[in-house]
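Have a look at the structure below before the remarks.
Nothing in this text is a laboratory measurement; each read-out follows from the coordinates by a stated rule. Keep in mind it's a predicted model, so treat the numbers as computed, not measured. FYI the Cβ positions are ideal-geometry reconstructions off the backbone, even for glycines, and counts take in every protein chain you see.
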Amino acid sequence: MKKRINTIVLPVLVLVLGLSILLAVTIGSVQIPFTDVYKVILYELFGIGSAELATGAVHDVVWLIRLPRLVLAVGVGMALSISGVVMQSIVRNPLADPYILGVSSGSYLGAVLALLLGLGKMFGGNAVGVMAFIGAFIISLAVVALSNVGGKASAVKLLLAGTALSAVCSAFSNFIVYRANDSNRIQILVNWTMGSLGAAKWNINAVVVPIVFVCAIFFWSQFRTLNLMLLGDEAAISLGVDLYTRRILYLLVSALMVGLSVYSAGMIGFVGLIIPHAIRMIFGSDHRTLVPICALTGSIFLVWADVLCRVIIRGAELPIGILTSMIGAPIFVYLMARRKYSFGV
Amino acid sequence: MEISAENIQVQFDKKEILKGVDLVARSGRFIGVVGPNGSGKSTLLKCIYRVLKPTKGAIYLDDVALRNYSAKEAAKKIAVVAQHNLAGFDFTVQEMVLMGRAPHKNALDRDNAHDYQIVDDALKTTGMEAFKERSFSSLSGGEQQRVILARALAQQTPCLILDEPTNHLDIRYQLQLMRIVKESGCTIISAIHDLNIAARYCDEIYVLSKGCIRAHGAPHSVFTKELINEVFGVKATLLREQDEIFIVFRE
């Protein structure tokens, strides 16, 4: 079974992801013939074809809008689904998602500060993204610090610290939003919480995607420890791993990934919850297969979610967070209703 | 490998759980720790398998202090069978037992044919080979306990710590489990509730009462009517047959 997963399932998923990107790049509100799309990509990647391909509307739509979005979708989908897997192990709870330890409230506070109080202007164009990233990372550090007060951090203390700090951040964010009377900017804020890959650019991808890949490979290499985390502290130590330092390390690496996805795409819900669940149902909880399969499935899922967002409403774009929640929530209910899969409760 | 505990003291807040316990398990011996609920059996074992740090005192493996071992090195020396729950996740029986190989692996090592062979052998020893592909959480308590024992065997350590290993097991598997661990040749320290099982399988018995060692020695010399009455607060009749001893409890 194990061997089959590594030799069949993973290559198939890589293939599906590749084909998904190639297919998705031809779909959009502007009709462009297949051949023109691929000509532009071949020219940009390998310098094949005439130099005329490097300019013009077709080039800009394909190379500067669609493809960067798809590449970002791959990175963000991977980041969210892997950090969902990791968070579920860290807090030993199958209902955890990437945002559970305060990351959502922290990044929201960052975005609020940037948009409504103008903080972080020195970061230039994407001040909201940068501030959201900083918010996500600071709250993760704070959760680690708070959960170590009065004895070493445990899974439960991390959850409590996350909940408490989350509430603090939300309170401050809400206060600022309540006092602000700039409906324009509040609208931007609302859109930000729904997520979008629309801001994707090659220079953003060049930072986000490689870091996500490295983090993904790091977590894949940690499959044994991630498995032991599910057994709890006592069993893990008798099998040779002190989970205390690993939890903190994983939490911070995961915060880096989620922070980058928030920075580049805002808040996208349910991906980090649904993908790990669905994959666990089919392939089990062994992280040596769970991590890579989730990474690829999360990417594929987000690529197609983004395509749907672009075409589902004619002439407009649906925020991707709405779509993932619309798809994700019913799947979640379906999973709950299936008796075989009880979430272990 | 010899395990020794020297002057182990454990305090939670102001409450003393262990008040200076000494215990020696010589290489290959089967040591039983008995005592009423709350006498400190589990606390003592948890100090030995590193879940608790003693307030005072130290554990030694062949004269090297256990605290000088890394978690991973210690897990190559001591395997543990205790009560753990899985909190909402599930593994197959094979995956569960394969985790016993974790201390022998570096981060990038893969599990090879040798590891899978060890897992198969351990499952065969505990009579669980037919359950290999089953999900762990679908097993009965007794079957789960036998899988955990297989995991400890797959760890291939010179020492085994058992924390009330026969809970959940019916009488046949209680005896089977004790026989398997005895035949493993490991140095064994086990907390045991059932005094007759302790008497039948252990080489030496330590009787814990209120955080102190109350008695220590071979089963037939440790277990007496007076001691059982004093420590456990029950009346008992002891039947002796050569070196064997059978304890019958009365109201």
Take every DSSP beta bridge whose two residues both sit in the protein assembly as shown, then give the antiparallel share in percent to the nearest 5. 60
Part-to-part distance (alpha-carbon centres) for the stretch B:133-181 and the stretch A:262-328, which is given in Å: 41
Going residue by residue through the stretch A:136-143, the Karplus relation 6.51 cos²θ - 1.76 cosθ + 1.60 with θ = phi - 60° gives ³J(HN,Hα) values, rounded to whole Hz and with x marking Gly or Pro, of 4, 6, 4, 5, 5, 4, 5, 5
Calculate, in nm to one decimal, what A:Phe213 and A:Ser50 gain on full extension: separation in residues at 0.36 nm each, minus their alpha carbon distance. 55.4 nm
In Å, the C-alpha Rg and Dmax of the stretch B:63-147 are 14.3, 43
As I understand it, the dipole of the stretch A:17-337 uses +1 on the Cβ of Lys and Arg and -1 on the Cβ of Asp and Glu, about the Cα centre. Which of A:Leu308, A:Leu115, A:Pro33 lies farthest toward its positive end? A:Leu115
Along each principal axis of its Cα atoms, how long is the stretch B:195-251 end to end? Whole angstroms, biggest number first, please. 31, 28, 15
Working note, the protein assembly as shown: Cα radius of gyration (Å, one decimal) and Dmax (Å, whole number) are 29.2, 102
Stick to Cα atoms and the Kirkwood definition of Rh, then tell me Rg/Rh for the stretch B:33-81. 0.99
Whose amide H sits under 5 Å from the amide H of B:Val33, counting only residues 5 or more places off or on another chain, with H placed in the peptide plane? B:Ser190, B:Ala191, B:Ile192, B:Tyr206
For the stretch A:1-137, just the Cα atoms, rotate onto the principal axes and tell me the three extents in Å, largest first. 53, 51, 25
Diffusion constant of chain B at 10 °C, which comes from Stokes-Einstein with the Kirkwood Cα-pair radius and 1.306 mPa s, µm²/s: 84
How many angstrom lie between the C-alpha centres of the stretch A:229-256 and the stretch B:57-86? 17
What does the net charge come to around B:Ala236 if you take all other residues with beta carbon closer than 12 Å to its beta carbon, with K and R at +1 and D and E at -1? 0
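For chain A, what is the mean residue ellipticity at 222 nm derived from helices alone (per DSSP H run of n ≥ 4: -39500 (n - 2.57); sum divided by total residues; nearest 500 deg cm²/dmol)?
-23500 deg cm²/dmol, from helical runs alone.
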Per DSSP loop assignment and a cutoff of at most 16 other beta carbons within 10 Å, chain A keeps its longest run without exposed chymotrypsin sites (Phe, Trp or Tyr not before Pro) at A:1-340
Which stretch or stretches of the stretch A:211-242 have amide N atoms under 19 Å from the point lying 7 Å from B:Ser137's Cα along the Cα→Cβ direction? A:226-236
Ordered by residue, what ³J(HN,Hα) values in Hz, to whole numbers, does the stretch B:73-83 give under the Karplus form 6.51 cos²θ - 1.76 cosθ + 1.60, where θ = phi - 60° and Gly and Pro are x? 5, 4, 6, 7, 9, 10, 10, 10, 10, 9, 8
A:Ile186 versus A:Phe34, label points 7 Å from Cα toward the beta carbon: distance in nm? 5.0
Fewest-first ranking of B:Glu241, B:Glu133, using other Cβ atoms within 10 Å as the exposure measure: B:Glu241, B:Glu133
5 Å is the cut-off here: which amide hydrogens, built 1.01 Å from N in the peptide plane, fall below it relative to B:Ile213, excluding neighbours closer than 5 in sequence? B:Asp22
In whole percent, the Cα-Cα distances of chain A spread across 10 Å bins from 0 upward as 6, 24, 32, 24, 11, 3, 0
Return the single residue from A:Leu160, A:Leu226, A:Leu251 with maximal mean-square fluctuation; model: Gaussian network over chain A, springs between Cα atoms under 10 Å. A:Leu160
Once you put a point 7 Å from the Cα of B:Phe249 and another 7 Å from the Cα of B:Asp203, both along the Cβ direction, what distance in nm separates them? 2.9
Mind checking the angle between helix B:141-154 and chain B's longest principal axis? C-alpha axes, 0 to 90 degrees, to the nearest 10. 70
Exposed trypsin sites (Lys or Arg not before Pro) being those in a DSSP loop with at most 11 other Cβ atoms within 10 Å, the longest stretch of chain B free of them is B:111-251
Fewest first, what order do B:Thr125, B:Thr224 take by the number of other Cβ atoms within 10 Å? B:Thr224, B:Thr125
With the Cα gyration tensor of the stretch A:1-81 in hand, convert its eigenvalues to equivalent ellipsoid semi-axes via √(5λ) and list them largest first in whole Å. 29, 14, 11
Between the modelled labels at B:Phe12 and B:Asn37 (7 Å from Cα along Cα→Cβ) the distance in nm is 1.4
Around A:Ser154 (Cβ within 9 Å, Cβ-to-Cβ, excluding A:Ser154; K/R +1, D/E -1) the net charge comes to +2
What residue among A:Val190, A:Pro292, A:Val144 has its Cα farthest toward the positive end of the dipole of the stretch A:17-337, where the charges are +1 on Lys, Arg and -1 on Asp, Glu, each on the Cβ? A:Val144
What residues from the stretch B:36-75 fall in the zone where the backbone N is under 15 Å from a label point 7 Å along the Cα-to-C-beta line of B:Met1? B:48-51, B:59-75
Taking amide H atoms as placed 1.01 Å from N in the peptide plane, list the residues 5 or more away in sequence, or in a different chain, whose amide H sits under 5 Å from that of A:Gln222. none
Here the tail fraction of P(r) beyond 23 Å, over all Cα-Cα pairs of the stretch B:116-251, rounds in percent to 41
Jot down the radius of gyration and Dmax of the stretch A:133-240, Cα atoms only, both in angstrom. 19.0, 58
